[in-house]
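Comments concern the structure below.
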Amino acid sequence: MKPLEALGASSDLPSLLTSGKPAEVEAALALAEEAPSAGALHKAALDFAKAAWALREGRLETARVGFEDAATAFESAGEAEAAQIARIESAVTRARRGRRETALEAAAIVAPLETEGASAEVRARATLAHGTALRVLGDASKAQACFARVLELSRELPDVRSMALNSLGTLCVSLAAFGAAETLCEHAAELCRMKKDVVGEAIAMGQLGAASLGLGDLVAARKFLSRQEWLSAQVGDVFGRTRALVWLAEVALEAGRADDAAMLATRALESANSVSPPLSTFGAYADRVLGRARVALGEPAGREDIARACATFASQRLPLGEALASRDVALASDPLDRDRALAALASLAALGLPERIAEVMPQLGAPAELELAIVAPSARRLEPLEARLVYDEPEALASVAEVRSAARKNLSRLAVFALSESGLWIAAVATDARVGASVLVDDPQVACACVGGFPGVHLLAWPASAPADVVASDLAIVRQRAAGAVRVALSFGASSRVRSPGFGGGLGPALENVEASSVIRSLDGVDAGSVRIVASGDRNEPATAALRRAGFIVAAD
């Protein structure tokens, strides 16, 4: 049983909740509430409908409580499918908060239902909600794998399929796969129009706008985002309207119209604060674009707006927003705060976003060769191929998600190293021959990059600015991800540096003053679980202490 079926076939609420104007939805809810009681199931369905309306209006706490009340009532009535769908929707409200803690709660709620759900629809919806939570948590590769599975599971479920297309399109935008995002969201928009789902169409329009902005087509971006804002306003979708206003402000700023950008960002802030609790994540993104617009207009106080956005993202533990805002603060500083900018770029590298690094390289004085090297992998042929695989072989797309994510992170980190001062930690790490480099560098918590190797031995690097505790912590994570004992030889070279990631990373990075063969030879005689520190001067002592704290045995050189 679906949650709203207990309202009866004559109820208009199922369609109004996705396409009705606010007054129409509220009138239908009042009518359903005044109807002669049809028992516990009718009340549970009404609770679900009220929660769905609260979610659309952005009243997240009201929605969460309503969905949980509905789930409890459906469970008491023995309606497992309806109860599980209500539980999934309660998880969605948590993920929409945009906070790490609530996203983890959402993932925990839906994970068991991916395999144990009462129906195919429950399993598909649970997998979709899990992917959304993973996207909020910054785990793009696992989120992509979830969304690809949903497309396979939802071939006969058009409602779920349109949401999956929108979700995967959203993820593609964040990964800068704009061509794939366009294909996915155009399909989603068509499905939504066919079933008169205005909210879903608005989401698709928003992502099409973001993709167009990424491709540099400002006219198309403005068209799609204006459509999203209009559709969202028609149905009282505060989420959609606020998001559209933020992106319209970004388009205006990109077009050199900082005054329009500031006005649109201010409207986005007003929209974000119009509900309780406020849409704080959207508000932070609005603050970020407002601050940049004000700085462009010559108003130094704009830095305060960006700093406020950065603080909000940090308090919510949202790494992407925090890294972008911190980067903006650094670039808006007078003089430019290069150290803070590089730290922010390192955070973006950990998320696998080389495009976000490349777009500010001119401001950091990077040579054109370095910018070319990092943007080279953005091949236009990849995007249509991905879009085709989404339909034809989603499992193939999911299978390469981790490798692709790791490659983007590695390329991004190498680019940041190339912008940094001379000095590299180099570690030769011996593992089981079946452990690939992608396993070692995909974790967003590590700061290292792979600079070479072959089956069974990987060369990892850190910039000179990385404290010994970070190097030791990364090696401990590598040990865990390698699922077995590792042997390590660690060296520091004050004059070593990454000159370039190599053109697209295809031939490996260009390194200077790195004695890789010497470090690899130092693995001889190192026992499993041990690290040999090779001639690292005054860094030997702090490195030894940090490695021991991380649980390694430090072998004598």
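Numbers below:
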quantity	calculated
Out of Glu34, Glu105, Glu61, sole residue that is free of Cβ contacts under 8 Å to residues at least 40 places away in the same chain, closer than 25 Å to Gly236 by Cβ and of a type in the set (D, E, K, R)	Glu34
Residues that are among the charged types (D, E, K, R) and either touching a Ser or Thr at 6+ places or on another chain (Cβ under 7 Å) or in a strand (DSSP E or B) (or both), drawn from segment 474-495	Arg487
Pro377 part of a helix (DSSP H, G or I), touching a helix residue (DSSP H, G or I) at 6+ places or on another chain (Cβ under 8 Å), modelled with pLDDT under 90 and not assigned by TED's automatic domain parsing to the domain that holds Val441	no
Test: residue in segment 262-281 that is surrounded by 22 or more Cβ atoms within 10 Å (Cβ to Cβ), in contact with a helix residue (DSSP H, G or I) (Cβ under 6 Å, 6 or more places away or on another chain) and farther than 30 Å from Thr102 by Cβ	yes
Pair list, Cβ under 9 Å, 6 or more apart: segment 297-318 residue within 15 Å of Ala265 (Cβ to Cβ), other residue among the aromatic types (Phe, Trp, Tyr)	Ala309/Tyr285
Scan of segment 468-490 for residues that are among the polar types (S, T, N, Q) and modelled with pLDDT of 95 or more, ordered by number	Ser473
Residue among Leu31, Leu46 that is surrounded by 18 or more Cβ atoms within 10 Å (Cβ to Cβ) and out of contact with any strand residue (DSSP E or B) (no Cβ under 9 Å at 6 or more places or on another chain)	Leu46
Any hit, segment 183-197, residues being surrounded by 21 or more Cβ atoms within 10 Å (Cβ to Cβ) and of a type in the set (D, E, K, R)	yes
Helices (runs of 4 or more DSSP H) enclosed by segment 170-278 - at least 3 residues per element that are among the acidic types (Asp, Glu) and touching a residue at least 60 places away in the same chain (Cβ under 8 Å)	none
Segment 90-101 - residue that is closer than 20 Å to Thr170 by Cα and free of Cβ contacts under 8 Å to residues at least 60 places away in the same chain and, of those, surrounded by the most Cβ atoms within 10 Å (Cβ to Cβ)	Ala91
Hey, Gly365 modelled with pLDDT of 90 or more and crowded, with 18+ Cβ neighbours inside 10 Å or not	no
Residue list for segment 297-314, restricted to those being farther than 12 Å from Asp328 by Cβ, assigned to a helix (DSSP H, G or I) and small (Gly, Ala, Ser)	Ala311, Ala314
Residues being loosely packed, with under 12 Cβ neighbours inside 10 Å and in a loop (DSSP other than H, G, I, E, B) - total across segment 529-557	2
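For (1) within 13 Å of the chain's Cα centre (by Cα); (2) surrounded by 23 or more Cβ atoms within 10 Å (Cβ to Cβ), each residue gets a yes or a no:
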site: Glu81; (1), (2): no, no
site: Gln84; (1), (2): no, yes
site: Glu114; (1), (2): no, no
site: Gly117; (1), (2): no, no
site: Thr127; (1), (2): no, yes
site: Thr132; (1), (2): yes, yes
site: Leu137; (1), (2): yes, no
site: Gln144; (1), (2): yes, yes
site: Leu153; (1), (2): no, no
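The values are calculated or read from the model by the stated rules, or taken from the named source; none is laboratory data. As the structure is a prediction and not an experimental result, all values here were calculated from the model. Every residue, glycine as well, gets a Cβ built from its backbone with ideal geometry; the counts of neighbours run over all protein chains shown.
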